[in-house]
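Notes follow once the structure below has been shown.
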Protein chains: 4
Amino acid sequence: MKFDSPRVGVLDAGSRDSIADVGEVTVGHATLADDTIQTGVTVIRPHAGDLYRHPLPAASVVFNGFGKTVGLVQLDELGVLETPIALTNTFAVGTIATAMIRTAVKANPGIGRMLPTVNPVVGECNDGFLNDLQAFAVSEAHYTQAYDDARADFGQGAVGAGRGMSCFELKGGIGSASRVASRGGSRYVVGALVLANFGRLPQLTIGGVAIGRTLVPACGSTSESGSIIVVLATDAPLDARQLRRLALRCAAGIARTGSNFAHGSGDIAIAFSTAQGLPDVPDALLDPLFDAAAEAVEQSIVHALFAAQTVHGRDGHVRPAIRERLPDWRERISATRS
Amino acid sequence: MKFDSPRVGVLDAGSRDSIADVGEVTVGHATLADDTIQTGVTVIRPHAGDLYRHPLPAASVVFNGFGKTVGLVQLDELGVLETPIALTNTFAVGTIATAMIRTAVKANPGIGRMLPTVNPVVGECNDGFLNDLQAFAVSEAHYTQAYDDARADFGQGAVGAGRGMSCFELKGGIGSASRVASRGGSRYVVGALVLANFGRLPQLTIGGVAIGRTLVPACGSTSESGSIIVVLATDAPLDARQLRRLALRCAAGIARTGSNFAHGSGDIAIAFSTAQGLPDVPDALLDPLFDAAAEAVEQSIVHALFAAQTVHGRDGHVRPAIRERLPDWRERISATRS
Amino acid sequence: MKFDSPRVGVLDAGSRDSIADVGEVTVGHATLADDTIQTGVTVIRPHAGDLYRHPLPAASVVFNGFGKTVGLVQLDELGVLETPIALTNTFAVGTIATAMIRTAVKANPGIGRMLPTVNPVVGECNDGFLNDLQAFAVSEAHYTQAYDDARADFGQGAVGAGRGMSCFELKGGIGSASRVASRGGSRYVVGALVLANFGRLPQLTIGGVAIGRTLVPACGSTSESGSIIVVLATDAPLDARQLRRLALRCAAGIARTGSNFAHGSGDIAIAFSTAQGLPDVPDALLDPLFDAAAEAVEQSIVHALFAAQTVHGRDGHVRPAIRERLPDWRERISATRS
Amino acid sequence: MKFDSPRVGVLDAGSRDSIADVGEVTVGHATLADDTIQTGVTVIRPHAGDLYRHPLPAASVVFNGFGKTVGLVQLDELGVLETPIALTNTFAVGTIATAMIRTAVKANPGIGRMLPTVNPVVGECNDGFLNDLQAFAVSEAHYTQAYDDARADFGQGAVGAGRGMSCFELKGGIGSASRVASRGGSRYVVGALVLANFGRLPQLTIGGVAIGRTLVPACGSTSESGSIIVVLATDAPLDARQLRRLALRCAAGIARTGSNFAHGSGDIAIAFSTAQGLPDVPDALLDPLFDAAAEAVEQSIVHALFAAQTVHGRDGHVRPAIRERLPDWRERISATRS
């Protein structure tokens, strides 16, 4: 997917500058966009196989727990991801979790009989400003639709779970980026995907430029019951403890866009490694990965904003695309970067 | 509800010896018992009002996170319980969470619009030994049914979410007890309710007597993918940090029945206070409450066993009631207590 | 203390723009500066009285645990600070902890007899680039000296525990700032004090300007075994859970100066409230405090840099003051802020 | 060391029934016993080499954080133990931590210069009932003495750090035990060492027998400002996340002796693995290790009691040996075990 966007940071991006630069990671969407229904589902597939049979090391960090993400209790105890990661709206978490169990059972009929149960991981943000949450529009079929849609060249912005999300009182949603971590002979990629639904306009900062203060807020809600879910992927062979350390660095990327982790924002990061084989990166060599994680997250948020189109939702609510509000962004943001 | 059971510990019980001794706490069940469907829903209502409008201080502790309980991220961040607590089987968590959101929205139509979203709390255990989990038999209506059934004089044993649960390879399920914590002039009650689905028979210990070693195991699975969910209630005015401390003491009660918190067991405790007004119990005076919590949990597990009847489930699986396997329990257990 | 420094953020500072704007907080230093000995002790006194008899609510957050801070286990369990907070070098933590116990015992002779023991809180960073750690130069008397030196108008930069610290390969040390959080009729102050000893030069960012990339590194070590200890104070009546939430927002301030929480950096925040009486700020009103915390921390780090003078230490090692390396900072940094 | 003691549990012990059954683990003591000075230092050496150069995977769990153990922040972040583990009294923690740094520096002169600093791990309990804490009798030399004393056939009871400790109002102190975890072809050992200084007499339970209720309390303090530090060792190749899981199971062993983790008790477990090579035990096979850990801890506490002799301390305080108070323990405890 192509869209123009400011470039933040100093590290090299992968060839797609998205989470799909990591191993076989793919992403699919089901988008519901019909009048007062502006919502959807996004599925991150860590590899092309069956996660239940071939789980990956994983960990999470909760920066601010005003959120309803499911699956973290077991993820953190066992250090393992055994389903794809789904993202959706706050009211749809239960439905999507059920869909994920059903999908896993279909592929592995022993689950819940002679095999252990499965732990679905579902992140959520509140898209209620644009979307009529009370319609409960997301169904189990939308999980399947998003799962089947998974591809390396996936859409960003107001698509999938990002359809109804707001970010800095502008249109937010799905964004993704990647950064390369090199050190000595090794070269690893860290990819991020965000569901960005947080922030107040005056805080918005891009590449260090406090651009939000210069923009006139749209009328309407400045509700702060936002959130950001970050999914981090890396091909570096890290164990769960190290992935938790990696996930923590997402805080730096989020903060640099202007967030102070507002009370009402469920700010959560989940990290997994796609590497085969045993972990073998000494902690003392993690800094390039940490830098890549922070920068990939910052860039992902910027991508979410710049990929998004304006969306009109329930009760006349509108979230404008940043590119409409800031047509001269190239001059105003890049000027300070050289 | 009346049933004979060994008495453990030394503290006084409340008048009902159940969680209903605390404030206005009530409990309701929806029980599904039809051939291969042996499952259900249990709802703990912390007070008679609307939890979303009148939330209570609360906290949780995860002893072993092999579990899919939802709602703990926000519960622990904000220290607040804003729905009843529902218990069900592992595959039904999503459905019940959705039902709880729908119920809260019906009572508070601003939720997800001008009011913040709601954080449903649903605990689960795996009843797949007796119950055909893959039938997904629990529906949203069962939540309403259990909610409407709530009463102080509720059933225990193989009812509600406990219908299909196994405990020490015997029939487990719902158990509840209370203990009085007195010190100086103050008198508080700690009540516990457990969904008991854990343990191997040889470990079973009642009142310090390692009775499980003397029992011949039933044929069939000794699957350890069990769990225990503990709900603790107290009328002591504790804040969330203190409730987390109280919840941790459940570990002692669980351990005394023989558990070592097996790998496959999602062992989780959630505690709330029904007190009105600001917290005002100094930490230095918590020990009587801690003792009451540990003993109430141990007694609740014993109650779950002794209230349960034998249940036949899927594929010829059976879990016998302990009172059938141990008809002479009065002689064998009480003997060591005097 | 007066020194010129860039101003970051948008909120009002308190009258001193330091942690001493909060209640009765004072700060004292003992500075050891003699050839290869470049180290010291800094003491933050939360109030003028005896903390053991009049403890304050407190909490901590560990962003990156490569550090040896003592006292956090009990601080987090009980939510209480019962000594001043001392800062020193990594090797002196034990000595200072002992000195703090001795001081508390002198004032309260029942400690360890009929009264409970006391929990000293000591943060540390590694000043070994400039200071000869192996000389173990800090003694118990330096704690008393710093304690007795406590005042509202305290020094910043290369003083006290900050004497030997490095920050972005420049001279770091002690910095402090404050921000006012207003909302409705309430007005609270959040003050921060940092012991800043972290960061690589190319990352240094001030007020959004990535100024570090433009500076030529000094020769010598670019050791990253740095750290930052943040002490947050507020006069808002928060409980320990809320103070933990406040402390987490320090991550945003640290990140905005360029840090990604490097592997070797012990990044830790401790927050306390000086308010009398019971906590009574609803969580939904915390955002102005969160913003103030993040901004006070960012400003404190900038203050640490701009207050510092160049220091020569062991083996010819030097850390230059930023004002020497960046004499034209007014043009280069303020230009982008208007 | 030989002493008679009740045997608890069902698993096989190692040949020494102590932590020295694990790999090369040895233990040494420095005991101070002179009138009002009844205290000391105990050092657990995980292997015969230099831990800083050859660190081991490790983790900790804090059950109740009323304690001043140092070193856990870094231990848990990096999952690594890089010094021996020292135990001492509450006031001596700082002194012993300093001694450990000095020892590490002597062996590795680059520490704090070109090498990272070292993270000493020191656990503590409050022996102030018998010992005059305010004498600060423990010096750095006692660490060296205990370190040099390390052996496989070490003393238990009122020795080393255990000299002044109380347990269930009886004489407590150092206890150790081991259990064998077998499954399939594998055979691992889990060893425990406790510094036992907790509990009220009426709670004391040995092998399920609530024996404490039958004993007449000694006159004098029933101070509950006790604690228990557990050190767990295993030769199973576990990683830090798994060792944290193992450490949590110590709660079961502690609880079975009667403790409810009293408010004033710093109850902490630290676990390490002595295995060479990469971790390779699947979590699903951990249960035998979990059972071994719980049982080894319960047995260690019993050993601490039965190895201890009566100690007279400050101000006429006395803690009697259990074997004096319970000369007929063989009949009273073993009777229920057959």
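The values are calculated or read from the model by the stated rules, or taken from the named source; none is laboratory data. No experiment lies behind these values; they were computed from the predicted model shown. Backbone-built Cβ (ideal geometry, glycine too); neighbour counts: all protein chains shown.
Quick rundown of the values:
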read-out	value
Matching option when the condition is touching a Lys or Arg at 6+ places or on another chain (Cβ under 7 Å) and surrounded by fewer than 24 Cβ atoms within 10 Å (Cβ to Cβ), among B:103, B:26, B:39, B:98	B:26
Of residues in the stretch A:177-216 being in contact with a strand residue (DSSP E or B) (Cβ under 8 Å, 6 or more places away or on another chain) and among the basic types (Lys, Arg), the one surrounded by the fewest Cβ atoms within 10 Å (Cβ to Cβ)	A:187
Unique match (being hydroxyl-bearing (Ser, Thr, Tyr), farther than 20 Å from residue C:305 by Cβ and under 17 Å from the mean Cα position of the chain (by Cα)) among C:26, C:42, C:36	C:26
Qualifying position, being within 12 Å of chain C (Cβ to nearest Cβ) and surrounded by 19 or more Cβ atoms within 10 Å (Cβ to Cβ), among D:149, D:127	D:127
Lone qualifier among B:255, B:233 - being more than 12 Å from chain D (Cβ to nearest Cβ) and at pLDDT 95 or above	B:233
Residue C:313 being at pLDDT below 95 and either touching a Phe, Trp or Tyr at 6+ places or on another chain (Cβ under 9 Å) or more than 13 Å from chain A (Cβ to nearest Cβ) (or both)	no
Restricting the stretch C:42-59 to residues that are touching an Asp or Glu at 6+ places or on another chain (Cβ under 6 Å) and closer than 23 Å to residue D:227 by Cβ, the residue that is surrounded by the most Cβ atoms within 10 Å (Cβ to Cβ)	C:51
Search result, residues across the stretch A:113-135 that are farther than 23 Å from residue A:265 by Cβ and more than 21 Å from the chain's Cα centre (by Cα)	A:113, A:114, A:115, A:116, A:117, A:118, A:135
For residue C:20: the one exception among (1) buried (at least 20 other Cβ atoms within 10 Å of the Cβ); (2) in contact with a helix residue (DSSP H, G or I) (Cβ under 7 Å, 6 or more places away or on another chain); (3) not aromatic (Phe, Trp, Tyr)	(2)
Unmet requirement for residue D:226, which otherwise passes all of (1) within 14 Å of another protein chain (Cβ to nearest Cβ); (2) within 15 Å of the chain's Cα centre (by Cα); (3) closer than 30 Å to residue D:276 by Cα	(3)
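This table checks each residue for (1) among the charged types (D, E, K, R); (2) within 24 Å of residue B:164 (Cβ to Cβ).
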{"position": "B:251", "(1), (2)": "no, no"}
{"position": "B:256", "(1), (2)": "yes, no"}
{"position": "B:261", "(1), (2)": "no, yes"}
{"position": "B:282", "(1), (2)": "no, no"}
{"position": "B:299", "(1), (2)": "no, yes"}
{"position": "B:306", "(1), (2)": "no, yes"}
{"position": "B:312", "(1), (2)": "no, yes"}
{"position": "B:315", "(1), (2)": "yes, yes"}
{"position": "B:323", "(1), (2)": "yes, yes"}
